[in-house]
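The values are calculated or read from the model by the stated rules, or taken from the named source; none is laboratory data. All of these numbers come straight from a predicted model, not from anything done at the bench. Reconstructed Cβ throughout: ideal geometry from the backbone, glycine too, with neighbour counts over all protein chains shown.
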């Protein structure tokens, strides 16, 4: 029972994040990349501030004052994720052909997590953790490659950007684990996203700026099916669900069960994405993809299985 709530939180976070790639793809049809990021994170920071004010007495949602001695930790976390991760993620989605392929590459953090967790946190990595991650990752690649007869992944830059994003995400998860427990999950997410805005905004002003928003054809909003309307709805989803709800759930789980076991759940993101593509876009799922999903789920069970400690 001790792991039940963190696991539910992780499944919920991955379910939300599995739609993020589809939402980003739709948003990019009408909005430039940095404008998407700014429209995504300015409201998310304000929303978390509002939640912190309203629910100040709730342990999960209270907003504590950050102490100066903890600023370096939050600076590293805020630079790695959201700033670096979402920057690299957005451009990797732009360079790669399929959201499923992108989700596959962006879900490989379990492969790096044990190494970072052992080196930086002295976190114990068990044999079941390693076996489960390997099985689950094999399922991810089966899910990605089966049925792609031409293996048209897209630009190789997209692959490199995706793996760089994964590395930044793993470092951020280490910072989550290292953060003092006096900070609620909301506080950690709020401060890291607020700090990330100080990195995002200068780049946005330099490359795109307010003129990018002014140049939009706002008359398109008359139609709910227009590219701009779809893009703004997609950004709203990214703001409320991906940047706030899912990130808080993920932070809570990391701090409860550790980096290695929590990051293993990133492998189910492409499985969820494939299911969304099947349900809403009619993307065909051959038998091999279903086998990949089964391997992912089985690997997660193995990864979470506790090993018996031998008595000497």
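For the range 216-248, the candidate set comprises residues that are surrounded by 12 or more Cβ atoms within 10 Å (Cβ to Cβ) and not in a helix (DSSP H, G or I); within that set, the residue that is modelled with the highest pLDDT is 226.
For residue 253, the requirement of being assigned to a helix (DSSP H, G or I) and crowded, with 24+ Cβ neighbours inside 10 Å is met. Summed over the range 34-57, residues that are surrounded by fewer than 15 Cβ atoms within 10 Å (Cβ to Cβ) and in contact (Cβ under 8 Å) with a residue 12 or more places away in the chain total 1.
Restricting to the range 199-215, give me the number of residues that are part of a helix (DSSP H, G or I) and touching a helix residue (DSSP H, G or I) at 6+ places or on another chain (Cβ under 8 Å). Number satisfying all stated conditions: 8. Residues considered: 16, 24. Of these, the only one that is touching a helix residue (DSSP H, G or I) at 6+ places or on another chain (Cβ under 6 Å) and either under 23 Å from residue 175 (Cα atoms) or without any contact (Cβ under 8 Å) to a residue 60 or more places away in the chain (or both) is 16. So if I check each of 207, 238, 249, which one is under 24 Å from the mean Cα position of the chain (by Cα), touching a residue at least 12 places away in the same chain (Cβ under 8 Å) and under 18 Å from residue 38 (Cβ atoms)? One residue alone meets the criteria, 238. Here residue 214 meets the list (1) over 30 Å from residue 121 (Cβ atoms); (2) within 24 Å of the chain's Cα centre (by Cα) almost entirely, failing just condition (2). Taking every residue in the range 276-300 that is over 17 Å from residue 136 (Cα atoms) and pairing it with any residue that is modelled with pLDDT under 70 and assigned to a loop (DSSP other than H, G, I, E, B), at least 6 positions away or on another chain, the pairs with Cβ-Cβ distances below 7 Å are 277/283; 278/285; 284/147; 286/146; 286/147.
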